[in-house]
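First the structure, in the form of structure tokens, and then the observations on it.
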Amino acid sequence: MILNVDKHAKKYIEFIKTKVCTVCYDFPVDPDHLITVGMGNKREKPRLEDFTCIPLCRKCHIERHQIGNIAFELKHGVNLWKDAYHYLMEFLTQ
């Protein structure tokens, strides 16, 4: 599959919403962007940053934003970019 931002970004967000939290395996999840799109930005427009989403429950999502990526990864023993890569590869090969 060739990745087309306009065609696939919303589908990817919906795909992420079907997953459990990457950290605590809770559900439902927020699609949390590793590359920030900015609070309040219009989310209707597909953007390349949408493909950096990982599924995090609300509690983990808030914690990641409060303590930052490095502290969050160390605390929970996760590599968020590695996880994001695996989710994207799963999406592209389904």
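Summary of computed values
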| read-out | value |
| --- | --- |
| Per residue solvent-accessible surface (Å²) - the chain, probe of 1.4 Å | 65 Å² |
| Non-local Lys pairs in the chain, i.e. 8 or more apart or on different chains, that have alpha carbons under 16 Å apart | 10 |
| Of Thr36, Thr22, Thr52, the one that fluctuates the most in a GNM where the chain has Cα springs shorter than 10 Å | Thr36 |
| Amide H contacts of Asp30 (H built 1.01 Å from N, under 5 Å, at least 5 apart or other chain) | Leu56, Cys57, Arg58 |
| Residue-averaged [θ]222 nm for the chain, counting only DSSP H segments that reach four residues, each worth -39500 (n - 2.57) | -14000 deg cm²/dmol |
| Top of Leu48, Leu74, Leu34 by mean-square fluctuation, Gaussian network on the chain, Cα under 10 Å | Leu74 |
| With every protein chain in place, the chain: carbon and sulfur % of accessible area (1.4 Å) | 57 percent |
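The values are calculated or read from the model by the stated rules, or taken from the named source; none is laboratory data. All figures in this text were calculated on a predicted structure; none of them were measured in a lab. The protein model used for the area step is the full one, side chains on, heavy atoms only, and it has no ligands, DNA or RNA in it. Shrake-Rupley method; radii C 1.70, N 1.55, O 1.52, S 1.80 Å.
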